[in-house]
Amino acid sequence: MSPRSRTNQLLYQAELLTHLSIADDEHSVASQMAIEESALALFELALNSLLKEVTEHARLDSHNWQRLLASDGPAVAELQRLRDTMQRQDSWLCWLVGQLEKLHSDEGAARRAVQSPSMIAVGSQLSLTEQLLDNLQAAKHDIASLRETSQEW
């Protein structure tokens, strides 16, 4: 399988996970959290695959996103473009990196919904699943243009 195909496959699988139905039982919250964290892990694998795909011409020995997207990472145009994207607070990559840091922490990324009668619900907050879907779509859009740039090489 090519890196491009693998990237597409991983993005598709992450999106599929977010559409799974959860049985309403005593395990539903834990199941939802597992799905969200699994989708994030697939999104991370897709990011690594994307980096491999768009830097093939540079013949890098590693495609770890932390190393390649670090400010002192390799000087490759596609990587600099992704670094710039990562710096924008409203970008999919900034969101993803923040979520991956949580995922790899002791706390994890998925959260139980707080249901306290004294708390006021904020209607504009999206669930992690909704955020995943939005950011997967944004990533797919950016990936298409990154691929065009990479193919010029």
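The values are calculated or read from the model by the stated rules, or taken from the named source; none is laboratory data. Bear in mind the structure is a predicted one, so any value in this text is a computation, not a measurement. In this analysis, Cβ positions are derived from the backbone assuming ideal geometry, glycine residues included, and neighbour counts consider all displayed protein chains. When the accessible area is computed, the model is the full protein with side chains, heavy atoms only, and any ligands, DNA or RNA have been set aside. Shrake-Rupley method; radii C 1.70, N 1.55, O 1.52, S 1.80 Å.
Is it true that Leu79 is at negative phi and either in a loop (DSSP other than H, G, I, E, B) or modelled with pLDDT of 95 or more (or both)? It would help to see each step written out before you state the result.
On the way: at negative phi: yes; either in a loop (DSSP other than H, G, I, E, B) or modelled with pLDDT of 95 or more (or both): no.
Spelling it out, it is not the case that Leu79 is at negative phi and either in a loop (DSSP other than H, G, I, E, B) or modelled with pLDDT of 95 or more (or both).
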Task: Residues located in region 71-100, provided they are free of Cβ contacts under 8 Å to residues at least 12 places away in the same chain and either under 14 Å from Lys140 (Cα atoms) or over 13 Å from the mean Cα position of the chain (by Cα) (or both) - done: Asp72, Gly73, Ala75, Gln80, Asp84, Gln87, Arg88, Gln89, Asp90
Task: Close pairs from region 6-18: first within 15 Å of His141 (Cβ to Cβ), partner among the hydroxyl-bearing types (Ser, Thr, Tyr), Cβ under 7 Å, at least 6 apart - done: Thr7/Ser49
Open item on the list: Checking Glu101 against (1) closer than 25 Å to Glu148 by Cβ; (2) at pLDDT 90 or above; (3) open to solvent by 80 Å² or more (accessible area, probe 1.4 Å), only one condition comes out false. Which one?
Closed with: (1)
TODO: Within region 47-56, identify whether any single residue is in contact with a Pro (Cβ under 9 Å, 6 or more places away or on another chain) and either part of a loop (DSSP other than H, G, I, E, B) or among the hydroxyl-bearing types (Ser, Thr, Tyr) (or both), and answer yes or no.
DONE: yes
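State yes or no: is Ser62 part of a helix (DSSP H, G or I), of a type outside the set (Val, Ile, Thr) and surrounded by fewer than 18 Cβ atoms within 10 Å (Cβ to Cβ)?
On the way: part of a helix (DSSP H, G or I): no; of a type outside the set (Val, Ile, Thr): yes; surrounded by fewer than 18 Cβ atoms within 10 Å (Cβ to Cβ): yes.
Criteria not met by Ser62.
Report yes if some residue within region 100-113 is among the charged types (D, E, K, R) and outside any loop (DSSP other than H, G, I, E, B); otherwise report no. Walk me through it before giving the result.
Start the filter on region 100-113 by keeping residues that are among the charged types (D, E, K, R), which leaves 101-102, 106-107, 111-112.
This time we only want the ones that are outside any loop (DSSP other than H, G, I, E, B), so: 101-102.
There is at least one residue in region 100-113 that is among the charged types (D, E, K, R) and outside any loop (DSSP other than H, G, I, E, B).
Of the residues that sit in region 26-40 and are of a type in the set (D, E, K, R) and in contact with a helix residue (DSSP H, G or I) (Cβ under 8 Å, 6 or more places away or on another chain), which one is least open to solvent (accessible area, probe 1.4 Å)? Before the answer, list the steps.
The initial filter retains those residues of region 26-40 that are of a type in the set (D, E, K, R), namely 26, 36-37.
After this cut, where a residue has to be in contact with a helix residue (DSSP H, G or I) (Cβ under 8 Å, 6 or more places away or on another chain) as well, the list is 36-37.
Details: Glu36: 16, Glu37: 55 Å².
Here the residue is Glu36.
Residues are listed down the side, and each one gets a yes or a no for (1) crowded, with 16+ Cβ neighbours inside 10 Å; (2) under 14 Å from the mean Cα position of the chain (by Cα); (3) not polar (S, T, N, Q):
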residue	(1), (2), (3)
Arg6	yes, no, yes
Leu11	yes, yes, yes
Ala14	yes, yes, yes
Asp24	no, no, yes
Leu42	yes, yes, yes
Leu45	yes, yes, yes
Val54	yes, no, yes
Gln66	no, yes, no
